[in-house]
Amino acid sequence: MKVVGLVSGGKDSCFAMMKCIEHGHQIVALANLLPADDSVDELDSYMYQTVGHQIVVSYAKCMGVPLFRRRIQGSTRHHKLSYRTTAGDEVEDLFILLNEVKRQIPSITAVSSGAIASDYQRLRVESVCSRLGLVSLAYLWKQDQSLLLQEMIQKGIEAITIKVAAIGLDPRKHLGKEIAQLETYLHKLKELYGINVCGEGGEYETLTLNCPLFKHARLVLDEFDIILHSSDSIAPVGIIHPSTFHLEPKLDTESLSDSDTSNGINLKNMGAVCEVLGDCTQRCEVECHSVDQNFDIAEVTDSKLHISKTRNDGIFSISSWFQDSCKTSADMKKDLRAVLMKIELQLVEYGFSWENVLYIHLYIADMSNFAEANETYVSFITQEKCQFGVPSRSTIEIPLLQVGLGRAYIEVLVANDQSKRVLHVQSISSWAPSCIGPYSQATLHKDILHMAGQLGLDPPTMLLCGGGPTAELEQALENSEAVAKCFHCSVYTSTILFVIYCSAHVPSSERITIQDKLQTFLKTMKSQYLQNENKSDVLDPIILYVLVPDLPKRASVEVKPVLYAADTESKIEILKQELCGEPVQTYWSFPHEHWHDFCLQRCVIRGKMCAATISITDELAVKICSETTGANQDNRILNFSTERNMDRIARFCIFLIDKLLSENHFSWADITNLRFYYPTNLHVTHEFLSFIFINVFNQFAEATQRIQISKEPIFNLVPVLGAGRSSTSMDDIITCELFALQSGAPHN
């Protein structure tokens, strides 16, 4: 990509541009913001470093690219962490500046910034980039600062301190010193006082005088004055005011060739400086696609458009789908708009909005329509509508049309409050894959971390890593771990549930390597974590494999973790005992058998959370159905898709769920989502299976009074190619995935 580099004069912005080049991008312009008054060295700004702005003007000649500069007119008017377009805010100066760069150099598609740890600055740069249709590149984001400083020095960043403001840094001693000279001392201050060695906490600021980017000349600071802003005895503050400087040409500078015109820049403008004017007190025009929802409302109210909803008052799930594919259009966008509108109307009916949504499962019939699906999705879910953060999301292709459904199916997880905390990083970096669009890497609510589906993407390139399915799995787990660390937990010790989506493109012979790799990787990383952190209590995660036709980017695997990320340090009580044969009131003649335990995986935290999967294989289905069919259990040839057999299997699933909930003091009202996966090789329609499960639930509710039945079912039926607890045999007839949360006191 062709990139405009945001430069402040500091080491971080320069090194970020070096990283861009390292990853195959091209710096074709620079952009800088400076005070309106030349005599002012530093502004009271949370966004911009302005100390040394007198020298930054020479960066254009040093690098041989044009520099666009704007004098800051705005101030800090929007104080919240997530930025919204605010007239007169200093962020609007950045918008005007980059908008002009884009106008003059249309080939530019990305912006480089030196953000390392500041969410405040990163989110504002991302907001401006999003409005302008540019990609944010932040290759220093979340990098270890000690290693980062070392790498900067080793790779030729020659920078001096131009401001100091921290305990242990004396303006008279340390201003004007090269970072290479101060490296050891900065690490000592880190050990003594916990300072950020790269100065991310405002401890110091730098001015880059030379680096590999400076192909044509280096800067020499001839004279400067030291100005004390504070003579505090503990942490005095001082800056350097440059008086005179000059450029020293580099003898090995290569002459510019005609090929440099490929940048889209006229050679005569190389090294030119352009001042960008404009009034930031006026509200800038925001380029956005407003949702056009003037389609036939009959598509939303059509009787074939169905809804399901769980009964938990605090957190519940809503799903929407077309029951009969012959009633849907051949246009996926039209189907998706209809189901999204149906969900939106339901949210409004309950007094909520998209802002209350924690997680979205986006199921589509054909992954080749992914771009169209995204376009439709973003017309409903936007950052403007979700001021507390956009929901996390996973997107997979499932065989909707084969079972009589439409081309789009949506599940949303909704909270009745707005206490969620999201991680939404749109910048491309080396940290973890970016979310370029209105979905978040993860959403934390009530101690449960709902993580977006993770592909095996190499973060700095956003391309699938090479090496096949196992390499993709390992990279996806590393990406998940990077996200988890932002919430002070680990996927290796805090995961409740791993759903591993496997693409049908992966040969069956390679699927066993996915499972082996996952088990080995989790065991190794968990052992290392326990040893390093000196902890003994960790969660034993449920693992569910789901076979689907395709995944985004033609990935082999997609990992979707759900974690327990409690802020408290108190000890949690993890229940690990198996289902036992204790007397429990049962229904439909299912006395306890030892094989009941085999089909169940669960993870329970007493008084908090209950998660489980139930896998009904052919072998278990024979045992379940043998009493009604009179067949010998050794006779495995049964037609499980008959109404009688499927009714029996549905009853067994509900019986086992009820037993699990009862034994662990949960109720059906605690369920936040209840999902049944079924394979297309059952050769049954969604409508038929829905009819079976609704009838069984109604019978159970009437007999036990444990479920409150309404017009919407409390479960979702999701068609897949296969599912199971093993990647080698994803051949369950029915797979149940359950999640329940207790918001109050445990039920008796």
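Overview of results
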| quantity | calculated |
| --- | --- |
| Out of Ile514, Ile500, Ile496, sole residue that is over 29 Å from Asp447 (Cβ atoms) and either open to solvent by less than 30 Å² (accessible area, probe 1.4 Å) or out of contact with any Ser or Thr (no Cβ under 7 Å at 6 or more places or on another chain) (or both) | Ile514 |
| Where a residue in the stretch 645-658 is within 15 Å of Phe715 (Cβ to Cβ) and in contact (Cβ under 8 Å) with a residue 24 or more places away in the chain and its partner, wherever it lies, is of a type in the set (D, E, K, R) and outside any helix (DSSP H, G or I), with Cβ under 9 Å and at least six apart | Asp658/Arg706 |
| Complete set of residues in the stretch 635-692 that are among the aromatic types (Phe, Trp, Tyr) and within 20 Å of Gln323 (Cβ to Cβ) | Phe676, Tyr677, Tyr678, Phe688, Phe691 |
| Condition met for Pro459 (farther than 21 Å from Ser726 by Cβ and surrounded by 19 or more Cβ atoms within 10 Å (Cβ to Cβ)) | yes |
| Selected residue (criterion: nearest to Tyr439 (Cα to Cα)) from residues of the stretch 349-376 that are assigned to a loop (DSSP other than H, G, I, E, B) and not charged (D, E, K, R) | Ser353 |
| Subset of the stretch 344-377 that is more than 30 Å from Ser419 (Cβ to Cβ) and touching a residue at least 40 places away in the same chain (Cβ under 8 Å) - its residue that is most open to solvent (accessible area, probe 1.4 Å) | Glu375 |
| Per-region count, the stretch 108-126, residues more than 18 Å from Gly9 (Cα to Cα) and in contact with a helix residue (DSSP H, G or I) (Cβ under 7 Å, 6 or more places away or on another chain) | 2 |
| Given (1) over 24 Å from the mean Cα position of the chain (by Cα); (2) under 30 Å from Gln742 (Cβ atoms), index of the condition Asp516 fails | (2) |
| Which listed residue is farther than 22 Å from His241 by Cβ, free of Cβ contacts under 8 Å to residues at least 12 places away in the same chain and open to solvent by 10 Å² or more (accessible area, probe 1.4 Å), from His79, His23 | His79 |
| Residue tally, condition under 34 Å from the mean Cα position of the chain (by Cα), among the polar types (S, T, N, Q) and open to solvent by 10 Å² or more (accessible area, probe 1.4 Å), over the stretch 42-68 | 2 |
| Conditions (1) assigned to a strand (DSSP E or B); (2) open to solvent by 30 Å² or more (accessible area, probe 1.4 Å); (3) among the hydrophobic types (A, V, I, L, M, F, W, C): number failed by Ile436 | (1) |
| Number of the condition not met by Gln418 [criteria: (1) closer than 18 Å to Leu444 by Cβ; (2) at pLDDT below 95; (3) open to solvent by less than 20 Å² (accessible area, probe 1.4 Å)] | (3) |
| Single residue of the stretch 542-583 satisfying the filter (part of a loop (DSSP other than H, G, I, E, B) and among the acidic types (Asp, Glu)) that is modelled with the lowest pLDDT | Glu578 |
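The values are calculated or read from the model by the stated rules, or taken from the named source; none is laboratory data. For clarity, every value in this text was computed on a predicted model and none was experimentally measured. Every residue, glycine among them, receives a Cβ derived from its backbone with ideal geometry; neighbour counts consider all protein chains shown. Surface areas here come from the heavy atoms of the whole protein model, side chains and all, with no ligands, DNA or RNA. Shrake-Rupley method; radii C 1.70, N 1.55, O 1.52, S 1.80 Å.
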